[in-house]
Structures are given as C-alpha cells and as structure tokens.
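Participant: Quick one: this structure, given as structure tokens, is what I'll be asking you about.
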Amino acid sequence: MKEIIIYSTKYGSVERSAKMLKSYLPEDTVPVNVKNEKEVNIEDFDTVILGGSVYMGKIQK
Ligand SMILES: Cc1cc2nc3c(=O)[nH]c(=O)nc-3n(C[C@H](O)[C@H](O)[C@H](O)COP(=O)(O)O)c2cc1C
C-alpha cells in the first residue's frame, strides 16, 4: 500500500499536521505541498489524503 498526503498551508499549521499524520502511517508515506509540486500522479498511490486550512468558511483553492 502506498499513501500520499497532499496538502496546502498558509501559515504552516496544516504542514505540521501533515507531518504529524505521516508519523502514524507507513514509513514511505509521502507528504506533498501542492505549492511545491504542481504535478502529482495520484494513480501511483492506493490512498490519497487531502489536507487544507479553512479561512472564512472556505477551504484553500
Ligand atoms: C482570519 C482567519 C479565518 C479563519 N476561518 C476559519 C473558518 O472559517 N473555519 C475554520 O474551521 N477555521 C478557520 N480558521 C482557522 C484556520 O483554518 C486554522 O488556524 C488552520 O490550522 C490554519 O492552517 P494554515 O496555517 O496551514 O493555513 C481561520 C483562521 C484565520 C486566521
């Protein structure tokens, strides 16, 4: 099983959460900041976890 955590963060809270979550998942779990990686092939993964912060009721684009 391969897992990926794809996240977006404004001030770093979601990034810290993604890294904390990774520590509970298999060692090869990849945390990816969408701002740094424009192209991710999610077909390569069995599980895709999405994370982002909410501002004024809206999740980040
Ligand atoms: C101006 C402002 C508006 C926010 N609006 C919401 C909101 O509508 N709903 C919510 O659940 N959290 C809201 N939050 C909390 C953020 O989503 C939360 O602090 C998040 O962990 C920030 O993550 P980031 O630093 O990765 O962007 C808001 C925070 C700020 C500063």
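Bear in mind that the values in this text are calculations on the coordinates, not laboratory data. Keep in mind it's a predicted model, so treat the numbers as computed, not measured. FYI the Cβ positions are ideal-geometry reconstructions off the backbone, even for glycines, and counts take in every protein chain you see.
Participant: Could you pull the Cα extents of the chain along its three principal axes, largest to smallest, in whole Å?
Facilitator: 36, 24, 19
Participant: Sort 34-41, 20-27, 7-14 for me by packing, meaning the mean count of neighbouring Cβ atoms within 10 Å per residue, highest on top.
Facilitator: The densest-packed peptide leads the list: 7-14, 20-27, 34-41.
Participant: Helix 13-22 against the longest principal axis of the chain: what's the angle in degrees, Cα atoms only, rounded to the nearest 10?
Facilitator: 20
Participant: Which whole-number percent is the relative contact order of region 3-59 (Cα, under 8 Å, 6+ apart)?
Facilitator: Rounded, it is 51 percent for region 3-59.
Participant: Something else: Percent antiparallel among DSSP beta bridges with both residues in the chain, to the nearest 5?
Facilitator: Rounded to the nearest five, the antiparallel share is 15 percent.
Participant: Another question about this same structure. Once label points are set 7 Å from the Cα along Cα→Cβ at both Val54 and Lys10, what is their separation, rounded to one decimal in nm?
Facilitator: It is 1.3 nm.
Participant: Residues of region 38-61 with the amide nitrogen closer than 18 Å to a label point 7 Å from the Cα of Lys19, along Cα-to-Cβ, please.
Facilitator: Under 18 Å, as judged by backbone N against the label point of Lys19, lie 51-53 of region 38-61.
Participant: For n ≥ 4 DSSP H runs only, could you compute -39500 (n - 2.57) per run for the chain, divide by its residues and tell me the 222 nm figure to the nearest 500?
Facilitator: Calculated at 222 nm, the ellipticity per residue is -5000 deg cm²/dmol.
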